[in-house]
Amino acid sequence: MPTYIVLLGPPGVGKGTQAKILAETASLPHISSGDLFRENIKNETELGKLAQSYMNKGELVPDDVTIGMIRARLSQPDCVNGALLDGFPRTSVQADALEKLLAEFGGSVNHVPYITAAEPVLVERLGGRWTCRANGHVFHEKHNPPKQAGACDLDGSELYQRDDDKSETVHRRIQVYFGQTAPLIEYYRQRGLLTEINGAQAIEKVTADLLAVIKK
Ligand code: AP5
Ligand code: MG
């Protein structure tokens, strides 16, 4: 049976940081809807153009487009044993669609670690984030600085600051999270899949708590 893990939590809580580490440990592909949209933007696809108009405002990309993109990604051969989902689902329509989709693959969501941190922590993390162009590796100028400023430790590519990390967009993203994504906390709690993880701890401690959940 494939294993599907959904990382739930607000913008900036550390989903991407943790997913990169866990994907390797659990030997599952890391599927980030935000990274897939950014790849489409970089490649100037129609999907990228559409997604960018929403992302720049801190709004969610429409469900049908997002679900179609995730369906295509989860159908790839590297997902045969499951996947680690980061940033999807983000609405109850997406969660219902995921349930149906995974049933087609003979699986279901196995674990939903819900990573939490207070809003000022999120704002501070996003304000100091630097992301790598080639593979989306993330750093923080204070909490997780690259060895050499401006270059990724892992692949040497240029580090940049995401357009949607401007303070007005960050506040809108957090509002959108509380309005549209937070209902998924109850959705997965009711299904007995949710485990709350304190995301305000050091990166290594958060990783240890996550590993304890997914090894269950
Ligand atoms: P997306 O790319 O998913 O952004 P997000 O959910 O807002 O989350 P972030 O990537 O900003 O934060 P993160 O939790 O990954 O934190 P990170 O590890 O980088 O989505 C972007 C946009 O795409 C959305 O706004 C929407 O428009 C669209 N979109 C995406 N998915 C969609 C969907 N399903 N439906 C519709 N639209 C969708 O860490 C942040 C910083 O903190 C880094 O600098 C890191 O180094 C640092 N850090 C991490 N952990 C720690 C720690 N423990 N201690 C100290 N610092 C830490
Ligand atoms: Mg991320």
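Nothing in this text is a laboratory measurement; each read-out follows from the coordinates by a stated rule. Not measured: the values here are computed from a predicted model. For neighbour counting, all protein chains shown are included, and Cβ atoms are generated from backbone atoms with ideal geometry for every residue, glycine included.
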Practice prompt. Only residues in the stretch 149-163 that are closer than 9 Å to residue 133 by Cα count as the first member; pair them with residues that are of a type in the set (Phe, Trp, Tyr), Cβ under 6 angstrom, at least 6 apart or cross-chain, and list the lot.
Written response: 159/130
Fill in: Index of the failed condition, residue 81 passing every other in (1) crowded, with 16+ Cβ neighbours inside 10 Å; (2) away from ligand 2 (no atom under 16 Å from the Cβ); (3) over 15 Å from residue 182 (Cβ atoms)
(1)
Worksheet, complete the sentence: Note on the stretch 64-104: residues under 15 Å from residue 29 (Cα atoms), outside any helix (DSSP H, G or I) and among the β-branched types (Val, Ile, Thr) are 80
Worksheet entry | Close pairs from the stretch 60-75: first farther than 19 Å from residue 103 by Cα and touching a residue at least 60 places away in the same chain (Cβ under 8 Å), partner in a helix (DSSP H, G or I) and of a type in the set (A, V, I, L, M), Cβ under 7 Å, at least 6 apart | 60/176
Worksheet item: In the stretch 21-32, what residues are within 15 Å of ligand 2 (Cβ to nearest atom) and either under 21 Å from residue 201 (Cα atoms) or of a type in the set (Gly, Ala, Ser) (or both)?
Response: 21, 22, 23, 32
Worksheet item: Can you pull out the residues in the stretch 5-61 that are of a type in the set (Val, Ile, Thr) and closer than 14 Å to residue 163 by Cβ?
Response: 41
Practice prompt. Give the stretch 24-53 a look and list any residue that's of a type in the set (A, V, I, L, M, F, W, C), more than 9 Å from ligand 1 (Cβ to nearest atom) and over 12 Å from the mean Cα position of the chain (by Cα), or say none.
Written response: 26, 28, 41, 47, 50
Practice prompt. Please enumerate the residues belonging to the stretch 1-20 that are within 13 Å of ligand 2 (Cβ to nearest atom) and either surrounded by fewer than 20 Cβ atoms within 10 Å (Cβ to Cβ) or not small (Gly, Ala, Ser) (or both).
Written response: 7, 8, 10, 11, 13, 15, 17, 18, 20
Fill in: Which listed residue, of 169, 207, is over 29 Å from residue 59 (Cβ atoms) and surrounded by 14 or more Cβ atoms within 10 Å (Cβ to Cβ)
207
Worksheet item: Which of (1) in contact with a helix residue (DSSP H, G or I) (Cβ under 6 Å, 6 or more places away or on another chain); (2) over 26 Å from residue 195 (Cα atoms) does residue 50 not meet, given it meets every other one?
Response: (1)
